[in-house]
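The structure under discussion appears below in the form of C-alpha cells.
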Amino acid sequence: MEPGAVGLTALVGVIAFLYSAVGQAGASGYVAALVVAGLPAQDLKATALLLNVAVATIGTLQFAQAGHLRWRRVWPFAAGSLPLAAFGGFLQLSARPFELLVGAILLASSLRLIFKASGSSPGRIPTPPSFGSALGSGAVIGLVGGLSGTGGGVILSPLMLIKGWASAPEVAATSITFILCNSLAALGGVLVSQRHLPAGITRLLLTVAVAGWLGSRLGSRLLSLRVLERWMAALIALVGLKLLVG
C-alpha cells in the first residue's frame, strides 16, 4: 500500500471514530480528506456516501441497543428527506452555494449549542416536533444532503438540540438513523447517474466500520449528555468552517 493511501486510510478512520461518537457518520470530513488525497471529483460523492452507509449502519445498531433510538422520532424526518435526497444524489451540480449557506448555518448553530449546553437544565423535558415541522425539515435537509454527498445529520442534530426536540443521546440516535436512510437514498441516485463504484473502496469501508463501531459504542454508552452536546457543537463548528473555506 502506498504511503499516501495509508495516510488517507488512517485519517478516514479518525474521522469515523470522532463523528460516530455523537451520532454522525462523517461524510463532510471524508469529502475534505478525499479532496486533499486527490480523489477524482466524479468519485467524491459516491465514496463519501458509501462510507456514510457503513458507519451509520453500525451506529444505528449501537444506539438502538443502548436504548436511545425511537423510530417515531425518525420516520417523519425520513419521509420528507428520502425522495429529495435521491433526487439531489442524482443531480451532478455544483453544490457550492449550498455549502456556503449550510456552513454559515452550522457555525451559528454551534455557537447556540455551546451557550445552550452551558445554561441547560438536566431536568429539561424535550418536546417532539409536529409532524409538519419534521417532514418539512427532513425535505430541506434531504435535498442539501443529496446535492453535497452528506447524510444531512450534521444539520439535523443542531436543529433538534436547539429546538429542544429530544435529549442529546436521542438526538444522536435519531441523527445516525436519519443519516443511514438519507445516505442510502442519495447513494441510489448517484449510482443511477454514474453506474460504477469508486476504486479502493473496500479498504476504506473496513477502516470506517471498525472506527465507527468504537466511536458509536463510546457515544451511546459512556459519554454524558453534557459532553455529547459540547462534542457535537465542536464538530459542527469544524464542518461549518470547512464548508465556508471550501
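The values are calculated or read from the model by the stated rules, or taken from the named source; none is laboratory data. Everything numeric here is computed off the predicted structure, so don't read it as measured data. What goes into the accessible areas is simple: the full protein's heavy atoms, side chains included, and nothing from ligands, DNA or RNA. Shrake-Rupley method; radii C 1.70, N 1.55, O 1.52, S 1.80 Å.
Quick notes on this one:
- Residue separation of V192 and Q65 scaled by 0.36 nm, minus their Cα-Cα distance, works out to 42.4 nm of gained length.
- Added length on full extension, which subtracts the Cα-Cα distance from 0.36 nm per residue, I201 to I125: 23.1 nm
- Ligands, DNA and RNA left out, the accessible area of segment 160-246 computed with a 1.4 Å probe is 70% carbon and sulfur.
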